[in-house]
Amino acid sequence: MKVPSDGSCLFNSITLALENTVEKSEDLRNTVAAYILSDPEKYNKKYLGGALEPEDYCQWICKPKEWGGIPELRILSQHYEAIIAVLDIGNDEVI
């Protein structure tokens, strides 16, 4: 199955690999937000990339067209208790 590049591709790729569905991007966005809000000292502005405070970041990441990145990968790896490796084919490096 091809995952569309619609802003939710990271979330859909994770659920496709781990749950065999691409219908849960909103759920995963909410999961990420819940993790952040549960411990804003751990998931602070620096952890989240430095641009937004945790509450503002949660509002932002819950929007369906916003792209997830490293913070989301770290949180979802913890949530699923799975190693998530990403290959950046533009740079030939594993994140």
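The values are calculated or read from the model by the stated rules, or taken from the named source; none is laboratory data. Since the structure is predicted, the reported quantities are computational estimates derived from the model, not experimental observations. Every residue, glycine among them, receives a Cβ derived from its backbone with ideal geometry; neighbour counts consider all protein chains shown. The area values use the complete protein model at the heavy-atom level, side chains included, leaving out ligands, DNA and RNA. Shrake-Rupley method; radii C 1.70, N 1.55, O 1.52, S 1.80 Å.
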Residue check: is TYR57 over 20 Å from GLY7 (Cβ atoms) and aromatic (Phe, Trp, Tyr)?
-> no
Residue check, PRO4 against (1) surrounded by 11 or more Cβ atoms within 10 Å (Cβ to Cβ); (2) at negative phi; (3) not basic (Lys, Arg), all met but one. Which one?
-> (1)
Check whether at least one residue in the range 74-81 is in contact with a Gly (Cβ under 7 Å, 6 or more places away or on another chain) and in contact (Cβ under 8 Å) with a residue 24 or more places away in the chain, and report yes or no.
-> no
Filtered residues of the range 70-94 (kept if at pLDDT 95 or above, of a type outside the set (A, V, I, L, M, F, W, C) and under 21 Å from ASP6 (Cβ atoms)) = PRO71, GLU72
Within the range 22-42, the residues that are over 16 Å from SER77 (Cβ atoms), open to solvent by less than 40 Å² (accessible area, probe 1.4 Å) and not small (Gly, Ala, Ser) are VAL22
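For every residue, the table says whether it meets (1) under 12 Å from PHE11 (Cβ atoms); (2) assigned to a helix (DSSP H, G or I); (3) among the basic types (Lys, Arg).
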{"residue": "ALA34", "(1), (2), (3)": "no, yes, no"}
{"residue": "LYS42", "(1), (2), (3)": "no, no, yes"}
{"residue": "TYR47", "(1), (2), (3)": "no, no, no"}
{"residue": "ASP56", "(1), (2), (3)": "no, yes, no"}
{"residue": "SER77", "(1), (2), (3)": "no, yes, no"}
